[in-house]
1. Evaluated at 20 °C with a viscosity of 1.002 mPa s, what Stokes-Einstein diffusion coefficient in µm²/s does the stretch A:33-170 have when Rh comes from the Kirkwood expression over alpha-carbon pairs?
2. Connecting C-alpha atoms closer than 10 Å in a GNM of chain B, tell me which of B:80, B:196, B:176 has the biggest fluctuation.
3. Sticking with the crude label model, points 7 Å out along Cα→Cβ, report the distance from residue C:228 to residue A:272 in nm, one decimal please.
4. So for the protein assembly as shown, what percent of the C-alpha to C-alpha distances run longer than 55 Å?
5. Name the most mobile residue of B:67, B:161, B:232, meaning the one with the largest mean-square fluctuation, in a Gaussian network model of chain B with Cα contacts below 10 Å.
6. Report the rotationally averaged projected area of the stretch A:173-214 based on its alpha-carbon convex hull, in square nanometres.
7. If you count, for every residue in A:279-286, the Cβ atoms of partner chains within 10 Å of its Cβ, what is the mean?
8. Mind giving me the nanometre distance, one decimal, between the label points for residue B:126 and residue C:30, set 7 Å out from Cα along Cα→Cβ?
Amino acid sequence: MDEFSIGVLTNIGLISFLALSAYLLLIAGELSFGQQAFFGVGAYTAGMLTAIFGWPLPLAALGAMAGGAFAALLVGLPTLRLRGLYFAMATLAAAEMFRILFELLHFQRDIDGDLVGPDGTQGFRGIRWIFEQGIEPIQFLALVWALLAAAVAGFVLLERSRLGATLRAVGLDPELAASVGVPILRFKLGVVAAAGALAALGGALFAHHNTYIEPRNFDIMLGVHSLAYALIGGLGTALGPLLGVALDIGVLESTRFFHGYRMIVFGGLVAILLALRPRGLLDERIVHRIGEVFSRHGAARR
Amino acid sequence: MIADLVQNTLDGLALGSTYALLAVGFTLIFGVLRRVNLSYGPAIMAGCYAATWTHVHFGAGLIVLALIAIAGAVLAGAYVERLCFAPHRSTGAGPCAGSPVAAMVASFALWMQFEEAATLVLPRHLYAFPPLYSGGPLTVGPFFLRVEALVTLAAAIAICLLLGWLLWRTRFGLAVRAVIESPRAAELAGINVPSVFVRVFALASAIGGLAGYLVVASHGQITPMLGMWSTLKGMLAMMLGGLGSLPGAVLGGLVLGLIEAHSQWYLGPQTRDLIAYLLLFVLLALRPAGLWPARAQG
Amino acid sequence: MSRALLEVSNLVSAYGKIEALKGVSLAVEQGKITCLLGPNGAGKTTLMFSTAGILRPKAGSIRFAGEEIAGRAPHAIVEKGIALVPENRLVFPHMSVLENLQAGAYQRPDRDAIEGDIEKLFARFPRLKERGAQEAGTLSGGEQQMLSVARALMSRPKLLLMDEPSLGLAPLVVEEIFRIVTDLHRDGTTIFLVEQNAHMALRVAHHFYLMEQGKVTFSGDPGSIAEDEVIRRAYLGTAKA
């Protein structure tokens, strides 16, 4: 596979973590404009852990996830009782605060004669762990997608479990769920933390793939994009957000045909698509129907 | 010390009046259609870019440019309304009628369209725009009063008075207030609710277009960031003042301007934005209804 | 013989996939009071909404004075001369009583006559006149119901639809509401009334229908069937043992 395709596929994988993060909150009934902040927290945390403190990537990724979950709780706890647009605006404000904090973050250390570390708006160079370990791009691609597959598998298991059903119930009608004894607030905290950790994992991998990150990477555009991917791909399955990402980054960005008009085409497609299918391409109804087809097929074979 | 305080307050009020106008437009759309329009700023930018394009290729006077900016914003807004909000109506019976999230994400999609279109039509990152006033600031005692700021403040006051007259003294205004209170009851009273939606959208776009023009003409330059900036400021001011409340929008805009002016003076530009976001976050956590809450809607 | 002002034929209406009306047929005679009774969930409000244009029917027809109106927009239906007093009254809570009435007259072309109509309504509902400048949300339940009726009347409807006007009101107030219904009828308005309070409804109705699970199950005059039988079916439906 050529380098370009590897790059595109890797990008799709990385951004998918972010889209899944927004998706998790969406099915729990909450809208977040701010998941990109935790993506950034994961990126900066993992970057500093490997480039400055010499941690291996797996450990750094775990550290990043913990950081992401913690940051998410910092946002989620004060806003626990907020719903709908109020919660969304709070996440927006929080995400922009994080971005500005990244701009104010200066933490550089001398590593082998080079100044390494975040330098405010100048960004964070030298996150070279992947290259120092001699990991090939295709190997990294495999790693990203292996982790993504694990995340999707986790979602599939979740959807089949009672926890998952409760989650969707909370998302559709929280008052009803609360009235039958579901601890709504605890659920929400758990979802917020999990989504933060998931985004942070993506960010950690993103930082090491790019070797250079800057605060501008983690702006509102990224956040609203990931929300859009989740929504247009479809809210019926965890594959939906991936479809959304693949459509934008895979089809539109890589085909030179649309060069210069990519946003115009993508934007128009999204608006028209949503007018026809407000819950996305792979919405709950179609996923249910596909599921029925498979189970009927399976039953006929027995 | 006191001189700084007063000067910053004056600057803050000027800045705040722009934010107030942006917030009023945003709030009209939210209050009446109950939707967040992420293309609000970008439509304003489209109008201002149309004016810039005219200036670059033909040159035109201030009034003409203002009219083009407003008309451009209204046209762009109509495009947004048809594509993002008309298909996702919420007055319709049944639980599946209308999806606010889908409408909002669709409006974001159009935001991307506007930004790309702007860079295609005018590729440079920055363009000069004819300034509102070419002279220096007026000096009143130890204080500086920029003429552009006074014009903006006056325009904001005029718009608010006009809007107040429109809403409380005209038949159209009665219909708008009825739809704000209860679209269902308004339908039953014989009000053509979709038509109200369209007209309010146009009104909000026009107000936004004027606000955008004043910003661009006051600074003498325009960049594609105007779109995101206008939406953010409009949303921030609206939430500060109280979601869906028109007096709240004005108050929120002024408060935001004052906070920004003072923070920037004492703490620098980055901290200025940080403080504004922090204030909003804290406010939402403690008093989500805002500083001047809209009455609870049925 | 009076002709039917409103004719509903085989009407099918749904909320998404849930069919609430499964082929409803009935007629409302001009100049009479017609009642629609039935248990909760029978589809009575759905029928009102379908007639008022809020819900677009999937199949069937609604003819008003001979003209097909199914699927028209709500404001067009008000223009044709039908006004709905909705369940839960739906006044504009932060607008004054006077403004609520003005809203009801919104699409009337004869602006000059509106003042006169408001005076007439204030004469009919003196309590509303007392509270003319008050915010509608501060009125009592009974007063809000009167306001809702008055607002509907401001459009000078030929057919007045009323969805559960007695809901949540004290017995004395309910009596007053039904007195207003008979007064309106006497003044020539045709009334189509949905009610849970079968007892009161039967006292004023000239003709009534029973609805259960999306279909009309009975049509007749009060007295053609024992009242307690009607009440039983109106609240409980015809349970198949």
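1. 125 µm²/s
2. Taking springs between Cα atoms under 10 Å, the residue moving most is B:196.
3. Distance between the two pseudo-spin positions: 6.7 nm.
4. Beyond 55 Å sits 20 percent of the P(r) for the protein assembly as shown.
5. B:161
6. 3.9 nm²
7. Per residue, the number of nearby Cβ atoms from other chains is 1 on average.
8. Distance between label points: 7.6 nm.
Throughout, read-outs are computed from the coordinates displayed, never taken from laboratory work. Keep in mind it's a predicted model, so treat the numbers as computed, not measured. Counting neighbours? That spans all protein chains shown, and the Cβs are built from the backbone with ideal geometry, glycine included.
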